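What follows draws every value from the coordinates through simple rules; no lab data is involved. Note that the structure is predicted; figures quoted are calculated from it, not measured. Here the Cβ positions follow ideal geometry from the backbone for every residue, glycine too, while neighbour counts run over all protein chains shown.
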Amino acid sequence: MEWSGGQAERPGRGRRVLVVGGGIAGLGAAQRLRAHPAFSQLRVLEATARAGGRIRSERGFGGVLELGAHWIHGPSRGNPVFELAAEHRLLREKDLSEENQRMETGGHVGLPSVTYASSGVSVSRELVVETASLFHSLIDQAREFVRGAAAPAPSVGEYVRGALRALAAGWTDREDARRLRLALMHNFLNVECCVSGTHSMDLVALAPFGEYTVLPGLDCTFPGGYQGLTNHIMASLPEDMIIFNKPVKTIHWNGSFQEAASPGETFPVLVECEDGGCFPAHHVIVTVPLGFLKEHVDTFFEPPLPTEKADAIRKLGFGTNNKIFLEFEEPFWEPGCQHIQVVWEDMSPLEDVASQLQDVWFKKLIGFWVLPSFESVHVLCGFIAGLESEFMETLTDEEVLLSLTQVLRRVTGNARLPAPRSVLRSRWHSAPYTRGSYSYVAVGSTGEDIDRLARPLPEDGAEAQLQILFAGEATHRTFYSTTHGALLSGWREADRLIALQDPQAQLPGPQL
Ligand SMILES: Cc1cc2nc3c(=O)[nH]c(=O)nc-3n(C[C@H](O)[C@H](O)[C@H](O)COP(=O)(O)OP(=O)(O)OC[C@H]3O[C@@H](n4cnc5c(N)ncnc54)[C@H](O)[C@@H]3O)c2cc1C
């Protein structure tokens, strides 16, 4: 049994709490509990060698590369990530402005600066604006079914394609113009796959789609790296509170465990680690990603989870979105260009083309964002979701670099475009303690499944209450997939424990 003293432990006997996972949900929960005297014995067990989880900023190419979370979605008062980032002065002045906070984007990705098509021409701004506006209106309509009207299709993808098919029947364009319109639509659907972290919008349930809540504010980034935020939380915790390289194997619950160092005391939970270490505790807050839970649902809990909760884990969606960074000697894009869209004219949302992943994986790449604030180098960040993204993870850097050089030469119509100097990418699907990027409400599941996943155990009012609590982005009904959803979920579970111990406690906001 491992539970040694140290700074993390304060005098007096309190409730012993273990937090599994040192991402923003776990760190947020630990910080909140640490502030309450009842929780003097607190540890965070983290499987990897670093804190932050899917918030991961690395120095590279002369700047900061975000391998995980990129933007604060909806940066405005009320978004706890925005508020903390502002408090710690991690944002640019313009991103703090009232004007920025008031912007209503509807959650849509901004328009590209330039759109290249696979025949090597750039697409007219007018067509891109018109097609984007049509696409966004279809996505807005898809969000409306949450208000009660019967959803006419099971998935967002089928709904959008149905509406598009009807609209396309009325188009009077020439065949090539019509194909280009559909190719743009295909790209916008792929953008939406990146936003939802899914292989296809046909996998994303239509009826609950609108439950995801978009906060006001124009999305912004952290000039010094997103990880500045988790580093601040870490700095407020005692150094020995987090135990790194400590993957948890099984959480034994509903038991009566003892340890030699605490004679006479029993604990309802025992956390067993992969290295054989065991930690008895009164409460455990599980913040591991849904992707990890899906893979280990049958062995991670002993006794196994109640059927309803295990089913929620199986049914909810968790897909892959990756980034590919390319470093160039000289930019081939215009000054001021922020976002390059890449459209394949042979792709259409109204046609299925059966092809081998190795031949077409790169067509899922939606385009590139130009990274600002790199001094002497020029860096593009491409986004790619789904099975193609998972396939990309199996390729070598050289293979990825070669394919993307060919793509860029083709779409810019410049066969001599210099190849990027180097490539760096994320591989979230292969990461054993993540197994993908973020969650979505999949066809066959509803927002209720998120709540089922979030419900603490045991559910039957047993004597030892709140043995296992669940936090992490996938447990937030309206902000799933985001850093603010993850942070709020960690606070929610910390507050739940505090309320059990101290019903009079004044819990700090926000309670979004
Ligand atoms: C490519 C990408 C882009 C993204 N972009 C954005 C964005 O722009 N804006 C936004 O708001 N969100 C974005 N997100 C999502 C955001 O990063 C996550 O929602 C959030 O960081 C999740 O926090 P978490 O604490 O719930 O989980 P995590 O950060 O995944 O933390 C869970 C921790 O648990 C650990 N763990 C797993 N298994 C075990 C085990 N058995 N034992 C011990 N520890 C374990 C993991 O190592 C990890 O550190 C993005 C994510 C990705 C991958």
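Summary of values
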| read-out | value |
| --- | --- |
| Helix-only mean residue ellipticity at 222 nm for the chain, each DSSP H run of n ≥ 4 adding -39500 (n - 2.57), per residue, nearest 500 | -9500 deg cm²/dmol |
| The stretch 288-336: C-alpha pair distances exceeding 18 Å, % | 51 percent |
| R0 of 41 Å, Cβ-Cβ distance ARG102-SER430: FRET efficiency to nearest 0.05 | 0.50 |
| The stretch 16-29 - phi-based ³J(HN,Hα) in whole Hz, Karplus 6.51/-1.76/1.60, Gly and Pro as x | 8, 10, 10, 10, 9, x, x, x, 5, 5, x, 5, x, 5 |
| Shape call, the stretch 139-187: gyration tensor on alpha carbons, a/c limit 1.5 | prolate |
| Those aspartates and glutamates that a straight Cα-Cα span of less than 17 Å connects to LYS246, excepting residues fewer than 8 apart in one chain | GLU2, GLU46, GLU272, GLU274, ASP275 |
| Length-normalised contact order for the chain - Cα pairs under 8 Å, 6+ apart - percent | 24 percent |
| Residues of type aspartates and glutamates that LYS364 reaches as a straight line, Cα spacing below 17 Å, ignoring anything fewer than 8 places off in the same chain | GLU192, ASP202, GLU345, ASP346, GLU351, ASP352, GLU388, GLU390, GLU393, GLU399 |
| Average Cα contact separation per residue, the stretch 312-415, under 8 Å, 6 or more apart, as relative contact order % | 36 percent |
| Per-residue ³J(HN,Hα) for the stretch 299-304, Karplus 6.51 cos²θ - 1.76 cosθ + 1.60, θ = phi - 60°, Hz, x for Gly and Pro | 10, 6, 10, 9, x, x |
| Rg [Å, one decimal], Dmax [Å, integer] - the stretch 33-161, C-alpha atoms | 21.1, 66 |
| Size-normalised alpha-carbon gyration radius of the stretch 190-236, reference 2.2 N^0.38 Å | 1.65 |
| Coordinate range along principal axes, alpha carbons of the chain, Å, largest first | 82, 54, 46 |
| The stretch 239-316: chymotrypsin sites (Phe, Trp or Tyr not before Pro) in DSSP coil with no more than 15 other Cβ atoms inside 10 Å | PHE244 |
| ³J(HN,Hα) computed for each position of the stretch 389-400 - Karplus, 6.51 cos²θ - 1.76 cosθ + 1.60, integer Hz, glycine/proline x | 5, 5, 5, 3, 5, 8, 7, 7, 4, 4, 5, 5 |
| Amide H within-cut-off set for PHE470, under 5 Å, with H built and near neighbours excluded | VAL286 |
| Cross-link partners of LYS249 among lysines (Cα-Cα below 18 Å; sequence separation of 8 or more within a chain) | LYS294 |
| Sequence-distant residues sharing a close amide H with PHE318 (under 5 Å, placed H) | TYR440 |
| Cα-based Kirkwood hydrodynamic radius, the stretch 362-491, one decimal, Å | 18.2 Å |
